[in-house]
Amino acid sequence: MNYLVTGATGHLGRKVVALVGTTQVTAAVHTPAKATALRAQGVRVVPCDYGEVAGMTQAFTGQDVVVYIPSKTYSVLQRITEFENTLAALKQAQVPAVIFVSFYADQENNPFTMSPYYAYAPRRLAGSGLRYAVVKNALYADPLVPYLPELIARQALIYPVGDQAMSFITRDDSAQALAALAVKPQLRDHGQVYTLTQMQSLTMPALGAIMTTVTGHAIGYAPVTTQEFGRIYAPEGDGEELASMYAAGALGLFDQATADYQTLTGAAPESMASFLTRGWAATKSSGQA
Ligand SMILES: NC(=O)c1ccc[n+]([C@@H]2O[C@H](COP(=O)([O-])OP(=O)(O)OC[C@H]3O[C@@H](n4cnc5c(N)ncnc54)[C@H](OP(=O)(O)O)[C@@H]3O)[C@@H](O)[C@H]2O)c1
């Protein structure tokens, strides 16, 4: 079987590639210069630009399963165009199965900037004639680790979600589930939808309590307003978009916990306490805290 992973130089893509295994996997990459490490591991690398149907068709030809990891552009129209181009290439290349990597912010009343895209893509797949499955990730837990020093200084989480809980998944676990699904045709190809979350969603005081135990520093919960959150993180370039995402959290839309990770892998996802403990130990040993 031949498996192709798009976005293969990205944080998630490179983990999926490593798990599927170098002999069967093709890494489809946007910027070939970023693929040096993949090539060094013996992975077959092909160019892939979501803007170019012909190139993607060439890359996809002969593949049995394509794992499609979207780009991170915050333009809904551009992301939809990239997706439409990919659908055209998948059809032209007659790819038998596709796995669409999504995000759980797809509800009708979800105010996240990208929610129209996450709502659109599965509906479009449903009428495409392609065989597919959708894997929705919860919020990645990973960015919480480099955020810990700032939270220690603030002495509190500030997400504007009130008393609502949100669920998370680590990128490692997301990659595990995607790699497992890719090689299990009985679990895909029929429009199945999986939502990858840890076992429990967490209110912000509960998340702060875990962070307090892990770091030994008191981290409570002092929410700012959605507008203030957007202003605080505006210098990082995506404050407004992140604020819109946590506005969805405040509506309770991220309070989802499923057993889908277990269905795909047969194991339990890593808990937040375990993940942050590992991440904090690595941060301290690298001298970053
Ligand atoms: N669940 C969450 O909390 C969460 C958070 C953030 C993002 N996400 C989503 O999760 C997915 C993966 O995230 P990530 O952290 O792995 O992102 P990432 O590291 O930015 O990876 C994205 C990949 O897409 C590639 N790409 C960008 N534009 C492309 C194009 N026009 N054609 C082909 N490939 C292109 C990038 O290649 P280049 O670097 O060469 O451009 C990169 O390899 C994304 O779809 C993202 O929207 C989820």
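Computed from the coordinates by the stated procedures, all read-outs in this text should not be read as laboratory data. Fair warning: this is a prediction, and the values are worked out from it, not measured in the lab. Note that we place each Cβ from the backbone using ideal geometry, even for glycine, and neighbour counts take in every protein chain shown.
What the table below lists for this structure:
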read-out: Estimated FRET transfer efficiency when R0 is 35 angstrom, pair E150-S75 (beta carbons, to 0.05); value: 0.80
read-out: At 0.692 mPa s and 37 °C, Stokes D of the chain from Kirkwood alpha-carbon radius, µm² per second; value: 166 µm²/s
read-out: Cleavage-rule hits (GluC sites (Glu not before Pro)) in segment 44-140: DSSP loop, at most 10 neighbouring Cβ within 10 angstrom; value: E108
read-out: Residue-span extension gain [S274 to V183] - 0.36 nm each, minus C-alpha spacing; value: 30.0 nm
read-out: Length added when fully stretched, R44-T31, from 0.36 nm per residue minus Cα-Cα; value: 3.2 nm
read-out: Additional length obtainable on full extension of the chain from A222 to Q94, 0.36 nm per residue less Cα span; value: 40.9 nm
read-out: MRE, 222 nm, helices only [DSSP H, n ≥ 4, -39500 (n - 2.57), over the chain, to nearest 500]; value: -13000 deg cm²/dmol
read-out: Surrounding net charge for T195, when Lys and Arg each add one and Asp and Glu each subtract one, Cβ distance under 9 Å; value: 0
read-out: Lys, Arg +1 and Asp, Glu -1 on Cβ, resulting dipole of segment 48-119 about Cα centre, debye, nearest 20; value: 40 debye
read-out: Segment 1-145 - Rg and Dmax from Cα coordinates, angstrom; value: 14.8, 45
